[in-house]
1. For the stretch 89-117: of the residues being in a strand (DSSP E or B) and touching a Lys or Arg at 6+ places or on another chain (Cβ under 6 Å), which is surrounded by the fewest Cβ atoms within 10 Å (Cβ to Cβ)?
2. Report yes if Phe176 is within 23 Å of the chain's Cα centre (by Cα), modelled with pLDDT of 95 or more and exposed (fewer than 13 other Cβ atoms within 10 Å of the Cβ), otherwise no.
3. Looking only at the stretch 68-110, how many residues end up being over 20 Å from Tyr125 (Cα atoms) and of a type in the set (Asp, Glu)?
4. Scan the stretch 121-156 residue by residue and report those that are assigned to a strand (DSSP E or B) and hydroxyl-bearing (Ser, Thr, Tyr).
Amino acid sequence: MRKGILLVAALSVASAAPAAAQSKRVEVSAFAGYVFSDGVSGDPVKAGDGNTYDRVDPKDSGGWGLSLGILASEHVEVGFLFSQQMSSLEVSGTATRDLGDFNVNNYHGYFAYNFGSESSGVRPYLMAGVGATSYGTVSFTTAAGQSRDIGGETQLSPTLGAGVKFFPSPGFGARFGIRLTPTYIKSDAVGWWCDPFWGCYVVGNAQYSNQWELAGGIIFRF
């Protein structure tokens, strides 16, 4: 009787060991795609070339990124992602002009929910994160031939995304998704608001620089 119990226990451990070994909890991904960007508007400025400019935007351009995710459970993923858009700064108004090249870098910690089971070949996902967006320095030459720089800036930013992962094998897959990263830049005063308790104060209209990323990539699971 005792030998029978030991045999059943040994078989149970032996059958559970391969399943545990097959469980992959880490996903490393590299992706690339295209980023649609917009910037902000401001007060009109008369430039040395005779044109008036009142808007600055990062140009739509290609981008790439890396992410590391850890599956805390079958569905919940916690991770970090870095992405970079290789863009140029465009000013517009009565004319449109490229000032110079610069990079927009994103650094975000994120939570994701993966639908389907761990062994599914297709897994849709939703993700949300928070971190920072960094705008690099722009170097350019004025209409008078002078070299100038616009210093970089880093702001807190959220990021939201959705997509689908495909796994033809347990350790390798592909991903396709869309992600929005809105970054607060400034607020413009639009008037006054008054109430009997708090008095009067200026009301502002917030302006954000938005990045819409469409990307695909590969996934390695460990």
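The values are calculated or read from the model by the stated rules, or taken from the named source; none is laboratory data. Note that the coordinates shown come from a computational prediction; the quantities given were computed from them, not determined experimentally. Neighbour counts are summed over all protein chains in view; Cβ atoms, including those assigned to glycine, are modelled from backbone coordinates with ideal geometry.
1. If we filter the stretch 89-117 for residues that are in a strand (DSSP E or B), which is where we start, we get 89-93, 96-114.
If we keep only those that are touching a Lys or Arg at 6+ places or on another chain (Cβ under 6 Å) as well, we get 90-92, 114.
Working: Glu90: 18, Val91: 19, Ser92: 15, Asn114: 22.
That would be Ser92.
2. Values: within 23 Å of the chain's Cα centre (by Cα): yes; modelled with pLDDT of 95 or more: yes; exposed (fewer than 13 other Cβ atoms within 10 Å of the Cβ): no.
Here the answer is no, as Phe176 does not meet what is asked.
3. So the answer is 3.
4. Of all residues in the stretch 121-156, those assigned to a strand (DSSP E or B) come to 122-135, 138-141, 147-150, 153-156.
Result: Tyr125, Thr133, Ser134, Tyr135, Ser139, Thr141, Ser147, Thr154.
Yes/no per residue for (1) assigned to a strand (DSSP E or B); (2) modelled with pLDDT of 95 or more; (3) not aliphatic (A, V, I, L, M):
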{"residue": "Arg55", "(1), (2), (3)": "yes, no, yes"}
{"residue": "Ser67", "(1), (2), (3)": "yes, yes, yes"}
{"residue": "Glu77", "(1), (2), (3)": "yes, yes, yes"}
{"residue": "Met86", "(1), (2), (3)": "yes, yes, no"}
{"residue": "Ser119", "(1), (2), (3)": "no, no, yes"}
